[in-house]
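Rule-based calculations on the coordinates, nothing more; no lab input. Small disclaimer: the values here were computed from a predicted structure and weren't measured. Every residue, glycine among them, receives a Cβ derived from its backbone with ideal geometry; neighbour counts consider all protein chains shown.
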Amino acid sequence: MDTITHIVLGACIGEVFVGKKIGKRALLLGAVAQSVPDIDFINSIYLSPADNLLAHRGFTHSLLFAALVVPLLAWAADRWRRPHDVSFARWLWFFSVEVVVHLLLDTANAYGVGLFEPFNHLRFSYNTLFVADPFFSIVPGIVAIMLLINRTHKKRTQWAIISIFWCSCYFLLGIVNKMNIELAIKKSTSGQNIVYYRHFTTPTPFNNLLWYIVLENDTGYYIGYRSVLDNNKPIHFQYRNKNDALLENVKGRHDIKQLMVFSQDYYTAEILHDTLVFNDLRFGQITGWNDSNARFAFYYYVNNPKDNDLLIQRGRFRNWNKQTIGTLWKRMMGN
């Protein structure tokens, strides 16, 4: 999830575990603890864009890292908090929950998490939540502010529990919505005689109602959108060729190998303004619900590797405006 979500949810968890013992400092400690795995942002300072893609959410998001860092954080907190009004076991539980919740939330996004690094480079991504979803974050955000302002309110712990309960319910809602979308895909593809051998579904930006769908066959992809509020009309799919032959002369390059691993082979190639571009389909299209022929949000300049700064962010919200938001909301509400 995004940084703000980790911070506010981490603060609420901190209030539940140690708020009665250490007061408002529990909010800061919880926010920091929840953010620890994202220390890998340092990699972007010295790694190339392609290498940084796999370094981010790699080892620092692994179970091994969690097993190493949690006891260290608990020991540091236990040494810092004297006299011992918080037990070491409670510190251990607190930091374990914070780090595990971080990993769980990040596996829900399309980016992928290297849970078994460095022994296995497989990325886990269940695609049930968009990386920044205000409907998920709004309650813990409000509660975190309330906890910061109201230092002595007797219902502080109850507020924090409510925020955690909200996030848990929304997390489960994402799973239920994904299951409904999967059923809709089966009905639509059987009715349209669409044959595919693998696929993925993931929410579109800032919501959990409208989903982006990619079905792969031998030469390309069927791409479509479906809201959980849609009627029973078949899903409309637009076909995009993979154009793998365009990459034939560069597949041996290190950066292209990294991109193929990162994309889990969900990619296309195209010539854009005389430049060869590698697209990772998992991050969706730029306002694709409004234009089925829209460009993909993740695009890598193959011929100009140095021009790929802000690789993840630069296309995600390109061409967004008031009208774009309006069409997204309308499509979320169903056709």
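Scanning segment 298-318 for residues that are closer than 23 Å to Tyr212 by Cβ and either hydrophobic (A, V, I, L, M, F, W, C) or in contact with a Ser or Thr (Cβ under 6 Å, 6 or more places away or on another chain) (or both) yields Phe298, Leu310, Leu311, Ile312, Phe317.
May I ask you to say which residue of His61, His121 is in contact (Cβ under 8 Å) with a residue 24 or more places away in the chain, farther than 29 Å from Trp329 by Cα and in contact with a strand residue (DSSP E or B) (Cβ under 6 Å, 6 or more places away or on another chain)? None of the other options fit; the residue is His61.
Within segment 241-262, the only residue that satisfies the criterion of being surrounded by 20 or more Cβ atoms within 10 Å (Cβ to Cβ) and closer than 23 Å to Thr189 by Cβ is Lys242.
Kindly evaluate Gln238 against the criterion of being in contact with a strand residue (DSSP E or B) (Cβ under 6 Å, 6 or more places away or on another chain), in contact (Cβ under 8 Å) with a residue 12 or more places away in the chain and under 23 Å from Met179 (Cα atoms). Yes. Highlighted here are the helices (runs of 4 or more DSSP H) found entirely within segment 2-103 that include at least 1 residues which are touching a Pro at 6+ places or on another chain (Cβ under 9 Å): 3-22, 49-55, 63-80.
Summed over segment 141-178, residues that are loosely packed, with under 12 Cβ neighbours inside 10 Å and in contact (Cβ under 8 Å) with a residue 24 or more places away in the chain total 1. Beta carbons closer than 6 Å, at least 6 apart along the sequence or on distinct chains, pair a first residue in segment 64-76 that is more than 19 Å from His121 (Cβ to Cβ) with a second that is hydroxyl-bearing (Ser, Thr, Tyr) for Val70/Ser96. Annotation: of all residues in segment 200-239 being among the charged types (D, E, K, R) and under 23 Å from Thr327 (Cα atoms), the one that is surrounded by the fewest Cβ atoms within 10 Å (Cβ to Cβ) is Lys233.
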